[in-house]
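**Q** Okay, handing you the structure first.
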Amino acid sequence: MKLLVDSGSTKADWIAIDDNGKVLFTTQTLGLNPEVLDKDQIIHRLEEKFDISHNKLKATHLFFYGAGCGTDRMKNYLNDIFQDYFLNAKITVHEDTFAAVYATTPKDEEAIVCILGTGSNCSYFDGKTLHQKVQSLGYIAMDDGSGNRFGRHLIRGYYFNTMPADLAKEFQEEYNLDADYIKHNLYKESNPNAYLATFAKFIIKHKDHPYCKKIIKKELKKFTKNYIMQYENAKDVPVHFIGSIAFYLIDELTAILNKYDMKIGNVLRRPIDGLIAYHILNK
């Protein structure tokens with residue numbers, strides 16, 4: 001049994017397949033970002049799901065693609081946790097960009113591959129090797145164009161009274177905006193980046209409102225300039241996207257990329273289905 005996992009900071013999609021690619025089960029856990037969770041928290045999230053805990057000794061391979069796995073230290077940290085849990089499995093840990101590449105990019109083709117979900121990321125794939133020019137410093141310093149950045153804009157706009165009254169009224173009806181509640185989630189709970197990203201659906205719902213439109217345009221332009229334009233050949237290869245922010249803001253993304261003479265490629269909400277095809281072909 002092979003376990004394929006695509007993990008963001010908010011949630012992780014799991015699919016178990018046999019050697020022929022037949023799906024044995026699918027499930028979902030909370031996100032397993034090693035930058036914000038300790039070992040006990042990760043194990044607890046695995047144990048919560050019967051399909052995972054019940055089959056942990058049957059797994060022969062675990063292919064984990066996750067947010068927060070961009071450094072060797074984080075990969076090794078997570079690898080050791082999984083090795084102790086899935087005792088009979090060969091463990092492979094990659095950053096989530098690899099899942100995006102395998103799901104969006106035809107074999108041996110060049111592309112720039114971006115993630116716009118809870119967080120954000122961007123890499124260049126030369127057909128064989130993944131190249132990354134920007135080392136992520138996490139959600140506080142980076143993550144331009146991501147769900148957590150949109151959440152930050154909305155909370156600040158609401159509390160600084162720059163959000164228009166009509167939006168502010170609806171915003172407070174949809175979310176608990178009590179200051180103590182917000183601070184608790186930001187500074188006391190795990191995954192504050194995922195908490196911030198929960199507000200992103202509001203900005204997507206109101207993406208045609210001038211206030212939201214301005215924020216969206218600003219963040220997507222920052223992502224394009226700070227991430228995509230790091231690569232000299234950005235205008236020569238397709239730019240693929242993975243993630244809910246990219247999926248629901250595809251029109252806005254297309255307009256920004258067109259402005260910079262870039263070509264938008266495949267845009268998928270989540271890469272897990274593409275991973276099945278990849279691992280069947282490369283078993």
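The values are calculated or read from the model by the stated rules, or taken from the named source; none is laboratory data. It should be emphasised that the depicted structure is a prediction, and the values quoted were computed from it without experimental measurement. Cβ atoms come from the backbone with ideal geometry, glycine included; neighbour counts cover every protein chain shown.
**Q** How about the range 67-129: which strands (runs of 3 or more DSSP E) wholly inside it have at least 3 residues that are among the aliphatic types (A, V, I, L, M), within 18 Å of the chain's Cα centre (by Cα) and buried (at least 22 other Cβ atoms within 10 Å of the Cβ)?
**A** Qualifying strands (runs of 3 or more DSSP E): 111-116.
**Q** A follow-up question, please. Criterion first (of a type in the set (Asp, Glu), surrounded by 17 or more Cβ atoms within 10 Å (Cβ to Cβ) and out of contact with any strand residue (DSSP E or B) (no Cβ under 9 Å at 6 or more places or on another chain)) does Glu35 satisfy it?
**A** Values: of a type in the set (Asp, Glu): yes; surrounded by 17 or more Cβ atoms within 10 Å (Cβ to Cβ): yes; out of contact with any strand residue (DSSP E or B) (no Cβ under 9 Å at 6 or more places or on another chain): yes.
Against the criterion (of a type in the set (Asp, Glu), surrounded by 17 or more Cβ atoms within 10 Å (Cβ to Cβ) and out of contact with any strand residue (DSSP E or B) (no Cβ under 9 Å at 6 or more places or on another chain)), Glu35 qualifies.
**Q** Among (1) β-branched (Val, Ile, Thr); (2) in contact with a strand residue (DSSP E or B) (Cβ under 7 Å, 6 or more places away or on another chain); (3) closer than 13 Å to Asn121 by Cα, which single condition is Thr224 missing?
**A** (2)
**Q** Could you tell me whether Lys214 is assigned to a helix (DSSP H, G or I), more than 20 Å from Ile15 (Cβ to Cβ), under 21 Å from the mean Cα position of the chain (by Cα) and without any contact (Cβ under 8 Å) to a residue 40 or more places away in the chain?
**A** no
**Q** Further question on the same structure: Can Leu130 be described as aliphatic (A, V, I, L, M), touching a helix residue (DSSP H, G or I) at 6+ places or on another chain (Cβ under 7 Å) and more than 27 Å from Glu173 (Cα to Cα)?
**A** yes
**Q** Asp251 versus (1) touching a strand residue (DSSP E or B) at 6+ places or on another chain (Cβ under 7 Å); (2) within 21 Å of Thr118 (Cα to Cα); (3) of a type outside the set (A, V, I, L, M): which is the lone unmet condition?
**A** (1)
**Q** Taking only the range 221-263 into account, find how many residues are surrounded by fewer than 22 Cβ atoms within 10 Å (Cβ to Cβ), within 30 Å of Tyr158 (Cα to Cα), in contact with a helix residue (DSSP H, G or I) (Cβ under 8 Å, 6 or more places away or on another chain) and in contact (Cβ under 8 Å) with a residue 40 or more places away in the chain.
**A** Of the residues in that region, 3 qualify.
**Q** Taking the range 63-96 on its own, how many of its residues are closer than 16 Å to Gly31 by Cα and either touching a Leu at 6+ places or on another chain (Cβ under 6 Å) or not polar (S, T, N, Q) (or both)?
**A** Residues of the range 63-96 that are closer than 16 Å to Gly31 by Cα, as a first pass: 63-70, 74-75, 77-79, 81-82, 93-96.
Next, from what is left, pick out any that are either touching a Leu at 6+ places or on another chain (Cβ under 6 Å) or not polar (S, T, N, Q) (or both): 63-70, 74-75, 77-78, 81-82, 93-96.
So the answer is 18.
**Q** Looking only at the range 130-171, filter to residues that are in a loop (DSSP other than H, G, I, E, B) and among the aromatic types (Phe, Trp, Tyr); which one of those is modelled with the lowest pLDDT? I'd like the intermediate steps shown before the answer.
**A** Going residue by residue through the range 130-171, those that are in a loop (DSSP other than H, G, I, E, B) are 132-146, 160-164.
Imposing the further condition that a residue be among the aromatic types (Phe, Trp, Tyr) reduces the set to 139, 160.
Numbers: Tyr139: 88, Phe160: 98.
Ranking the qualifying residues of the range 130-171, first place goes to Tyr139.
**Q** Just to check your reading of the model, which residue among Gln172, Gln132 is in contact (Cβ under 8 Å) with a residue 40 or more places away in the chain and polar (S, T, N, Q)?
**A** The conditions single out Gln132.
**Q** Specify which of the listed residues (Phe199, Phe171) is under 21 Å from Asp144 (Cβ atoms) and surrounded by 17 or more Cβ atoms within 10 Å (Cβ to Cβ).
**A** Going through Phe199, Phe171 in turn, the sole match is Phe199.
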